[in-house]
Amino acid sequence: MTDLTQPHDHLLKAVLADPETAGTLLRERLPGEIAALLAPDPPELVDGSFIDDELREHLTDRLYRSRLKEGGEAFIYTLLEHKSWPDRKAGWQLHRYITRILEQWEREHPDWEHLPPIIGMVIYHGATPWWIPNELRPLMPSNDLLHPYLPNFRFVVVDLGQIENESLSNNPRLRAGLLALKFVFRKGEQQGIMRLLGLSLRNAPDLLYPVVLYIAGTYENISEVAVRELIRTTHPEEEAKMMSQFAQEILSKNPPAWVVDSVRQEGKKEGKKEGKKEGRKEGRKEGKKEGAAAILLRLLHRRFGKCSDLITAKVNAADTKLLEIWSDRILDAKSVEDVFSD
């Protein structure tokens, strides 16, 4: 199951899993004169992360090794900033992480004579424009005479919010991923990008599930209707299966209300189907209750872990009205005890 505590990381990983897509990102977003130095073959992803543990909730990194046309190689270190505002310390963070990369490289090449070039790239998808200088030195205000003696480097900033949607990439896969990232902090515009997102995903159908999972877990102003339409645009035959799968994935976190409602409605449908099999009114009533109990137990398991035998028995013995009351408490409950409190 996907660890949704790092949704941005998982989406970026899915988007850039294809080396050609990663190469497109570098060629399209590095300065033209730098991109022209890279060999045409896809970059190689270097295993590992260099981010401080306490910052993993706000940062995602990827390190790529690329051959140069003139010989040799260069590293491109990409850092995804998933905050709604620019971080003034981004240059310092990059400096530390690039140093760690060089230290690792040195351990692997103890007889080195020259260090490899490393280019830093920050991908930013916050709600406010990036305004921070893309150099390290401005973090050290000083007399101009000191500047030649201070450490400094320039890094590339890709501010998704300042790029037109259609211009995010010529690669449909990359465009779909960047679109989803771009609007996570732009709540008022989330419904409006579903059509464009669907058109991009038509040419990258394997990315549909990661994008839908990301949207369902991070977008606040999105509806079940919009998500279903997105799936229909790309993979109409997978709608029912995918809605069920991703709903189960995100129920372990704090899901949007419509996701819980959707799962609850599925439980009611299961109950009605069970009742029809009995062919009697009593059978329909019992089937509805069993469906409601089953869906509540599933919700409890996703939110709080495996249910005890006592809780399971309590749920199975409850009537339909009580089951609905307990199900309504799932969203706000901080513990399983809160669900069943009087």
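The values are calculated or read from the model by the stated rules, or taken from the named source; none is laboratory data. Note that the structure is predicted; figures quoted are calculated from it, not measured. FYI the Cβ positions are ideal-geometry reconstructions off the backbone, even for glycines, and counts take in every protein chain you see.
Observations, loosely collected:
- Test for N143: is it among the polar types (S, T, N, Q), surrounded by 21 or more Cβ atoms within 10 Å (Cβ to Cβ) and farther than 17 Å from Y214 by Cβ: no
- For L208, the criteria (1) out of contact with any Asp or Glu (no Cβ under 9 Å at 6 or more places or on another chain); (2) in a helix (DSSP H, G or I) hold in every case but one, which is (1).
- Residue within region 162-173 that is part of a helix (DSSP H, G or I), more than 19 Å from the chain's Cα centre (by Cα) and among the small types (G, A, S) present: yes
- The strands (runs of 3 or more DSSP E) located wholly in region 1-81 include none with 3 or more residues which are without any contact (Cβ under 8 Å) to a residue 12 or more places away in the chain, of a type outside the set (D, E) and under 24 Å from F185 (Cβ atoms).
- For L196: the one exception among (1) among the aliphatic types (A, V, I, L, M); (2) under 21 Å from P7 (Cβ atoms); (3) surrounded by 18 or more Cβ atoms within 10 Å (Cβ to Cβ): (3)
- Test: residue in region 202-223 that is farther than 23 Å from G188 by Cα, small (G, A, S) and assigned by TED's automatic domain parsing to the domain that holds N170: yes
- If the condition is being more than 10 Å from P210 (Cβ to Cβ), modelled with pLDDT under 90 and either buried (at least 17 other Cβ atoms within 10 Å of the Cβ) or touching a strand residue (DSSP E or B) at 6+ places or on another chain (Cβ under 9 Å) (or both), then region 1-17 contributes L4, Q6, H8, D9.
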